[in-house]
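The values are calculated or read from the model by the stated rules, or taken from the named source; none is laboratory data. As the structure is a computational prediction, the values presented were derived from the model and not from experiment. When we count neighbours, we look across all protein chains shown, and the Cβ atoms used for this are built from the backbone with ideal geometry, even at glycine. Keep in mind that these areas ignore ligands, DNA and RNA; they rest on the heavy atoms of the full protein, side chains included. Shrake-Rupley method; radii C 1.70, N 1.55, O 1.52, S 1.80 Å.
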Amino acid sequence: MRRSVFTRLLVVVVLIAVCSIAATAWLATLLTTASIAREQGRELASDNRIYATLLSYAAGHRDWSEVDAYVSSLMSEHPGRRMVLVTKDGRTISDRGGDGGQLPATAAAVVDPLAVDPVLVPDAPADRIDKRVLGPFRTPIDFREREDRTGTLICLRFVKRKETAVDCRDSQLPFDTAADFYALLDLENLVNACLARRSLPPVELDPDYTPAAKQTTGLPVPDEPAVAACVTAARKEQLAPYVAPPVLLYLTNPSGTPTTAISLSGNGWPVAGAAAAVLLAAVGVAAFAGARITRPLRALTAAAQHMSGGSDIPPVPVRGQDEIAGLTRAFNTMAANRTQLEQARKAMVSDVAHELRTPLSNIRGWLEAAEDGVSDLDPALITLLLKEALVLQHVVDDLQDLAVADAGALRLTVEPLPVAGTLEQVRAAHEARAAQAGVTLSVSADPSLVVRADAVRLRQILDNLVANALRYVPSGGSVTVSASAGDGEVVIAVADTGTGIAQEDLPHVFDRFWRADRSRSRSTGGSGLGLAIVRKLVEAHGGTVGVTSTTGLGTTFTLGLPELA
């Protein structure tokens, strides 16, 4: 993976896509779940209120004949909802708030005060009988005496069993209490009938509907679950004539769909499919972009490998304007410069060999001739050999100067120099050679001009330029060295009336070993390094050098050196 930009890009994009999908899905699920929970909470609260209202009506009425007023009140509180009451035999009691469409397959609730829904009424009694249903009783169970402190209930049981004919003084009891006792005795009859059907012994009940034996002894009653079941069944049988019969309650929302819980569990596969589609699209885009990015990189890699083998390569195609296109252009420029430098290196090696071959061949030839006795080692031969040795020394010195300049190790002793005095020294040094060649050498400079330069190197620059000019000026011509003040610098010009330089040759004047004479004759030029050294020395002074020439009219070399501030 570390070796492939494409793989790393693909993995990064896939990770980003996966994290984005996961975060988006989590946030969407969280928000949707919260929204659904709020909506369900509102609907559940509405359902609870409707159910509680209808349950209150059923607990206080023996039938549903007067329920329309309750339903109308509920519809005003919950507009837009449809409410339908249907008996268990399929008869519709009330249908409000809808267009009469098909009912849902499942009822929202069963309205029965003798079987309260503990989900809709969390505080419902264990036997699920609404506490508001009293039937033949007069006192709600929460306010009823738990014990028979008067003994009246025991007396009534003896009378009921015909074990005594004593007056139990029921006429002295409050009316509600007497009614509760007689209702409790009726309940005992129903309970004992239920127990008899189950082959269980009869029981006596206290006012709270628990067996009297448990209240008296504090011990568990045998078959207590069966007794409790019979008590519940007997209570429902006793209370049934006093409440409205059970009905089915259907509730729908404004769109006509049933009020049911909403679940996201069924949406797992669509969500997973959408996530997979997004991930696939991200991978496809990343693969396409990665291929586009790595294609030029592979081309650059192949070109660099060919270059390392020493072979020339064609330019790598540049596509677009992005960073990789900039890298490709820089690589092409580097490759072109490398090719030029390699060609220059080869040309320089050839030029150095050519410059050294002639004097070395001459020296070797004369020495071999002297050794073989063909030529005498006379003063004339020694002078000739010394001349060739000086040529070799001159070439080596020039190469050394260029090598030092290229390495940036050229040391200059910069000091204020009067320009006029330096030019006069140059004229004096070359006056004899100029007179011998029939060339007029003149200098002119303002005596106040002072330049910041190394005296030895400045003489070397001017000596090279003047010697080069004298070499190409025919007899009767002239060479003029002048100096003038420029914009913060001193401009020194060396002008001649020689043959001039062709325009196509001007860009190569300062190249190493370049000479206008293609024959490279020693009589028409030196080593070909003089002007290259001039350029290096001028640049080391922080100045500039240029040349202008017209074929047949002459050439002018111009130097710009820093003026003394």
Filter result for the condition that a residue is modelled with pLDDT of 75 or more, crowded, with 17+ Cβ neighbours inside 10 Å and not aromatic (Phe, Trp, Tyr), over Ala69, Ala58: Ala58
Quick check on this structure: which one of Thr106, Thr87 is touching a residue at least 60 places away in the same chain (Cβ under 8 Å) and either open to solvent by 80 Å² or more (accessible area, probe 1.4 Å) or under 30 Å from Asp176 (Cα atoms) (or both)? Thr106
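Return the only residue of Thr294, Thr333 being out of contact with any strand residue (DSSP E or B) (no Cβ under 6 Å at 6 or more places or on another chain), closer than 30 Å to Ala17 by Cβ, of a type in the set (S, T, N, Q) and in a helix (DSSP H, G or I).
After ruling out the rest, the residue left standing is Thr294.
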May I ask you to list the residues in segment 109-146 that are open to solvent by 100 Å² or more (accessible area, probe 1.4 Å) and aromatic (Phe, Trp, Tyr)? Phe143
Which of the residues that make up segment 460-492 are within 15 Å of Glu431 (Cα to Cα), open to solvent by 20 Å² or more (accessible area, probe 1.4 Å) and in a helix (DSSP H, G or I)? Asp463, Asn464, Asn468, Arg471
Say we look at segment 73-101 and pick out the residues that are small (Gly, Ala, Ser) and farther than 18 Å from Asp112 by Cα; which of these is modelled with the highest pLDDT? Ser73
Just the residues that are of a type in the set (Ser, Thr, Tyr) and more than 16 Å from Leu248 (Cβ to Cβ), please, taken from segment 71-110. Ser72, Ser73, Ser76
Log entry, pairs with first residue in segment 53-65 being within 17 Å of Asp95 (Cα to Cα), second being hydroxyl-bearing (Ser, Thr, Tyr) and open to solvent by less than 50 Å² (accessible area, probe 1.4 Å), beta carbons closer than 9 Å, six or more apart or on different chains, reads Trp64/Tyr57; Trp64/Thr87; Trp64/Ser94
Within segment 440-449, can one find any residue that is part of a helix (DSSP H, G or I) and surrounded by 16 or more Cβ atoms within 10 Å (Cβ to Cβ)? no
So Ala299 fits all but one of (1) surrounded by 14 or more Cβ atoms within 10 Å (Cβ to Cβ); (2) modelled with pLDDT under 75; what number is the exception? (2)
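Residue-wise test of (1) open to solvent by less than 20 Å² (accessible area, probe 1.4 Å); (2) touching a strand residue (DSSP E or B) at 6+ places or on another chain (Cβ under 8 Å); (3) modelled with pLDDT of 85 or more.
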{"position": "Arg512", "(1), (2), (3)": "no, no, no"}
{"position": "Arg535", "(1), (2), (3)": "no, yes, yes"}
{"position": "Thr548", "(1), (2), (3)": "no, yes, yes"}
{"position": "Gly554", "(1), (2), (3)": "yes, yes, yes"}
In the set Val439, Val450, Val419, the lone residue that is of a type outside the set (S, T, N, Q), at pLDDT 90 or above and over 30 Å from Leu553 (Cα atoms) is Val450
Reported set for segment 186-206 where residues are part of a helix (DSSP H, G or I) and in contact with a helix residue (DSSP H, G or I) (Cβ under 6 Å, 6 or more places away or on another chain) is Leu187, Leu190, Val191, Cys194, Leu195
Condition (residue is farther than 30 Å from Thr294 by Cβ, surrounded by 12 or more Cβ atoms within 10 Å (Cβ to Cβ) and modelled with pLDDT of 75 or more) applied to segment 13-25: is it met by at least one residue? yes
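Test Ala353 against the criterion of being open to solvent by less than 60 Å² (accessible area, probe 1.4 Å) and modelled with pLDDT of 75 or more, and give yes or no.
no
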Any hit, segment 170-177, residues being closer than 17 Å to Leu248 by Cα, at pLDDT 75 or above and open to solvent by less than 80 Å² (accessible area, probe 1.4 Å): no
